[in-house]
Every structure is written in structure tokens, then in C-alpha cells.
DNA sequence: TAAATCTTTATAAAATCTTTATACTCTGGT
DNA sequence: ACCAGAGTATAAAGATTTTATAAAGATTTA
């Protein structure tokens, strides 16, 4: 049979970590642990665990933010386990890509069942945390983009736009889609934004912005990102 | 574009059904309802809804049993919504294949968020296949046409026209029909447009545009697209 | 407040669509 | 076989739409 699933627990409470270690190990899961957001992010990248259990109340960073940033590239299940029980938090986390949400104190068997459920639906394809094309490399973990190993300064909008492109390599993306993804649903007709930012991105990542190799214009439709 | 998801609610309490009907409809889901296990099972089979909300306390049969029997063939998400809050019930339901478990009384926004989560993980309705003819391949998902594996640059109109042809392979399409499909109802008599664009397409996809193999002229009627 | 970033505006360039002009092809009748 | 005429093909000019880019103005961030 397969190797047992590896689960990463990101939680600052040592008692919870202990409890989960015992519980999960005795149910044949391999476990690794992180005590804060920073360590958590890097462990997800390094170990690519099959499932992440994430506490929202981390000492160094907002858990919701960690979740969002993980979801930029990590596609395996993430289960939120936290004391925060406000409906607003739950909705936000689930809409940010969490697969399930449990509040502390939790019931052990229920958690295990929910883990089994999440693993059952496991999506098989997750993208790499670092993607390279040409002389450009993009690290989704640290949000750092490099050009010839030099750190490339991108604004938030530029970074978000490039992320969408990179994650949909080879596909023609309509103006509408891009605008909705980057600026939100109400901006679907602000095509000029896109033109401005595509021009800026090209100026930064293309060798010859007048003859782009990566961001290809599909006139009347949108753009296509190409790595070759 | 896409039709909204259809949700089947299996619950014997009319108040819950009413509440869910209002909540779900106002969030753009299509709804259908069943009041007991028997009706529920047959409606799942007949309508193949995108998601099922199942109450465990049904009058005619045990909900856990319904769940198990559904899971023998139904693969879309099933969310349990019930008053039963015992951990044992939760574990059993999740292990029988439920995607989520909520207890009544439930919080509306949370339910909606969990529905979105369940639908998100739904195996994406397989994208349209890639169609090949000769050395040409057409990928409708990524909107890319290739000729000998090289990406072929088509304008929007050329692409739209070729799509109509490909989707109606072997059929004679009248000028009128093609013009209406590609340019709109008011252009049904602009036959010259069609000639111009057919010529352009042939120049791009035919090996010998003077003796077209794919786009065949049906004089006095229209064109026929042929793959062989 | 200054610096950085985002949003608008303006305009030139490029791509695409529409129209025109002309040549070609096919068909049926003689 | 030839011709007339309707229908078709194609290039290319003209018109329009779409795109690229700089830069000014507005807003946000540190």
C-alpha cells in the first residue's frame, strides 16, 4: 500500500501539538510541526505535506493571510483548527480555500473523520512553490520574483497579475477573467488597467518589451502567458 | 455562460425546506426538494444534482443508510444537515462519504460557504476535448489552435468561424447560418464577409488553399467542414 | 509629507474588420 | 465545345477597433 499521509500542524500551542501528535501518529499518519506562520509556510514548501492543519491565531501573522498565501500554490487540503468561532471567520477561511473548519475544543474522532474526508477528495496536482521561465523565477512562498537572480521589485498588483498568468500558462485568458481575478468582480470592464499593468510587467520581465516572449497579446480577447 | 448549480434538499421539515429554498435561491442556486428517503433517492437519480443536502432524521428510512446507498454511485458532494450532534453520527456519516456535516440550527452564511467549498472541490466538468484534423488541433479550453504543433495565430472572427465549422463537422452550413452565428442576426446577407474569412482560414489551415480539404464550398448554399 | 502605487487621460501604433475591385470557377443551354 | 451569368476567391485599400505607452492626477502607504 501507499506510504501513510504526512500531515503538517501549524499551531503555537504546545499542548495542542502534543495532543495532535499522539492522536495522528496512533492513527498512522506521519506528522510534522510548525509553531508560527513563517516556519509553517516554509515547511509546506519544503515537505509538501498531504494535508495541513492550520491554527488561525498565530503569534507572528494573521492565519487568514497565511491561508490565502498558501492557496496561491498549495492545493492539498487545509483544515482550519482554531478557537475563533465567529461565522465571519469561518466564511472567510472557507472562501479563501480552506477545506474544513473546526473550532477548539475539538472532538478527536470528528477531526480524524474530517481528515479522512479531506484526504479522500485530495486533488492530485499541486504546482511547485517555485516556478521558473526564461531568466525569471517566481517563489510563491516568499512572494519573491527574481530576474537573473536579482530580486525584481513588483507591486502587489503586478505580482498578482503575474501569478495568474503563471498559473494558467499556455491558456488564453480573457480581459474579463484577468480583471475579475486581480481587481475583483466589479472591474470586469476596466480593460485599460490591464493594458497599463501588462505594459509594466513586460517592461520588467521581458528581454525585449516590444517583442514579448512571455505575455502574448490575443487581440480582441485577452492575453496568454507562454514559457518557451 | 455556466448554468448555476442545482442543489437537492432532502428534509422532512417544511420550515427547513422553505428557509433553504429562500436562502439558496437568493444565492443563485437552483433548488429541488424531497421530503423523505424514497423520494430523495429517486430525485438524485433523475436530476443528478450538483450537490445534495441531506437530513439524517427522515421519516421512512435511516439517513445514514440513504447516504451509504447514494454513495454507491453518486459522486457529487453530499452535505449532512441534521439535529443529530453525536460525534459517533458525524464520524459515521463522514466515513460513509459525506463531504461535510452541519448541525441544526445552522448558520446561514456558514452553510453557504461550506456549499461553495464542496462545489469548488467538485471534479471540474471535464473541459471540452481537443479536436484534431489533419495537422491541425483545436483546444477549446485554452482557446488555442495549433498547426504542426506550432501555435496558429487566429483573429477572434477567424477563431469563431472555425469553431462553428469544427462543431458542425460534416454538416452543410448555409451562409445565413454562419453569418448569424459569427457576426450576429443583422449580418445574414453579408455573404462577402464570409468569403473573405473563409479564404483567410483556408490560407492558414489548408495545406493547399486552392484545393481545400477541410472547408468545402457548397456552391449556392454555404460551406461544409470535413475532417479526413 | 514624501514616496510609492494606482487610476485616468491622451495619443500613436498595430491589428483587425469592412469594403471595393477584379479575376476566377462552375453550370446549364446551345 | 463554347458562352453567359451567377456564384466564388483573393488581394488590397480604407475604416474602425484594439492595443501600447507615457505621463498627469489621485490615492494610499510608510
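The numbers here are math on the coordinates, done by the rules we state, and not lab data. Everything quoted here is computed from the prediction, not taken from an experiment. Here the Cβ positions follow ideal geometry from the backbone for every residue, glycine too, while neighbour counts run over all protein chains shown.
Quote the FRET efficiency, to the nearest 0.05, computed for residue A:189 versus residue A:217 with a Förster distance R0 of 25 Å and r equal to the Cβ-Cβ distance.
Approximately 0.85, to the nearest 0.05.
With axes computed from alpha carbons, what is the tilt in degrees of helix A:108-120 against the longest principal axis of chain A, rounded to the nearest 10 within 0 to 90?
30 degrees
What spacing in nm lies between the two simple spin-label points modelled at residue A:61 and residue B:48, each 7 Å away from Cα in the Cβ direction?
Going from the residue A:61 label point to the residue B:48 one covers 4.3 nm.
Below 8 Å between Cα atoms, with a sequence gap of 6+, how large is the relative contact order for segment A:130-225 in percent?
Contact order relative to length: 24 percent.
Determine the calculated [θ] at 222 nm for chain B from helices alone, applying -39500 (n - 2.57) to every DSSP H run no shorter than 4 residues and normalising by the residue count; nearest 500 deg cm²/dmol.
That calculation yields -12000 deg cm²/dmol at 222 nm.
Is segment A:6-120 rounded, prolate or oblate when judged by the Cα gyration tensor, a ≥ b ≥ c being the square roots of its eigenvalues, rounded requiring a/c under 1.5 and prolate requiring a/b larger than b/c?
Rounded, because the longest to shortest axis ratio a/c is under 1.5.
Quick one: length gained pulling residue B:27 to residue B:39 fully straight, 0.36 nm per residue minus the C-alpha distance?
1.8 nm
In percent, what relative contact order does chain A have, based on Cα pairs under 8 Å that are 6 or more apart in sequence?
Here the relative contact order equals 13 percent.
Classify the protein assembly as shown: rounded, prolate or oblate, from the alpha-carbon gyration tensor (a ≥ b ≥ c, eigenvalue square roots; a/c under 1.5 rounded; otherwise prolate if a/b is larger than b/c)?
oblate
Compute the long axis of helix A:191-205 from its Cα atoms, compare it with the longest principal axis of the Cα atoms of chain A, and write down the angle in degrees, 0 to 90, nearest 10.
Helix A:191-205 and the main axis of chain A meet at about 90 degrees.
Once both axes come from the Cα atoms, what is the angle between helix A:156-167 and the longest principal axis of chain A, in degrees from 0 to 90, rounded to 10?
Rounded to the nearest ten degrees, it is 80.
Between copies, how far apart are the residue B:130 label points? List them in nm, one decimal, shortest first, with each point 7 Å from Cα toward Cβ, please?
Result, one decimal in nm: 2.9.
What FRET efficiency, computed as 1/(1 + (r/R0)^6) with R0 = 35 Å and r the Cβ-Cβ distance, is obtained for residue A:147 and residue A:121, rounded to the nearest 0.05?
After rounding, the FRET efficiency stands at 0.40.
How many nm separate the modelled label positions at residue B:137 and residue A:139, each set 7 Å beyond the Cα in the direction of the Cβ?
In this crude label model, residue B:137 to residue A:139 measures out at 3.5 nm.
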